[in-house]
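Reading through the structure tokens given below for one structure.
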Amino acid sequence: MPKKRFDSRRARSGNGNAIQERRILAAEVLAQARIRNRPAKEGGSECPILVEGKRDKSALRALGFEGPIELVNRGWPLERLAGWFSERLEHRNPIDGKESIILMMDWDRTGGRLQNELNRRLKAFDISIDEYTRKMLIKALKPETRVVESLHGMADELLPLLAEIDPDGKID
């Protein structure tokens, strides 16, 4: 049976099926990111995820992300942060050949500005960036939340869906 395509018009309506569809979309996107983030010895590509702060990192850990999660808020200017990544990352991820880093800033105005600025600076160093994850999370979760750290509170709903899509994920 073919998979039903996500319909954003239905998802914006208030019915329960649409909310469940949005949760499934979020779980699918998070599962893809979780697999890419996983350490190489466990079948992943160790693709780092860049988030704004500690609470965002904690939310992703609660959803079973095991690989590198880096913080923007570490007291460095964005120029230094981009330079630090340019020394550590290649243009493409050497393990899976996809983007080198996943940017997952909040989907509020400040997060959007930060996403754009980091995108610009990292691309100046010829680092490829996965923005798909954030864009799809915005599509799936914006009515309920505008911040990555809120994923922690949605863990009870998302973890069973993630387990269906990515059964190899480990949750503490």
request  = Could you grab me the full set of residues in segment 19-48 that are free of Cβ contacts under 8 Å to residues at least 60 places away in the same chain and surrounded by fewer than 17 Cβ atoms within 10 Å (Cβ to Cβ)?
outcome  = I19, Q20, P39, A40, K41
inquiry  = Quick check on A59: is it surrounded by 14 or more Cβ atoms within 10 Å (Cβ to Cβ) and of a type in the set (G, A, S)?
reply    = yes
Among the candidates R61, R80, residue that is part of a helix (DSSP H, G or I), out of contact with any strand residue (DSSP E or B) (no Cβ under 7 Å at 6 or more places or on another chain) and closer than 24 Å to Q32 by Cβ = R61
task = Starting from segment 49-66, keep only residues that are free of Cβ contacts under 8 Å to residues at least 40 places away in the same chain, then list their pairs with residues that are in a helix (DSSP H, G or I) and of a type in the set (A, V, I, L, M) whose Cβ atoms are within a distance under 8 Å, requiring at least 6 positions of separation or different chains.
result = F65/A33
query = Which members of segment 115-147 meet the condition of being part of a loop (DSSP other than H, G, I, E, B) and acidic (D, E)?
reply = D126, E131, E144
task = For segment 34-58, name all the residues that are part of a helix (DSSP H, G or I), of a type outside the set (S, T, Y) and under 16 Å from S150 (Cβ atoms).
result = K54, R55, D56, K57
note = Flagged pairs (Cβ under 7 angstrom, 6 or more apart or on separate chains; first in segment 126-153, free of Cβ contacts under 8 Å to residues at least 24 places away in the same chain and within 18 Å of G53 (Cβ to Cβ); second surrounded by 16 or more Cβ atoms within 10 Å (Cβ to Cβ) and of a type in the set (F, W, Y)) are none
inquiry  = Please go through segment 131-172 and give me each residue that is under 13 Å from the mean Cα position of the chain (by Cα), of a type in the set (D, E) and at pLDDT below 95, ordered by number.
reply    = E131
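The values are calculated or read from the model by the stated rules, or taken from the named source; none is laboratory data. The shown structure was predicted, so the numbers you read here are calculated from the model rather than taken from an experiment. Using ideal geometry, Cβ is built from the backbone for each residue, glycine included, and neighbour counts are taken over all protein chains shown.
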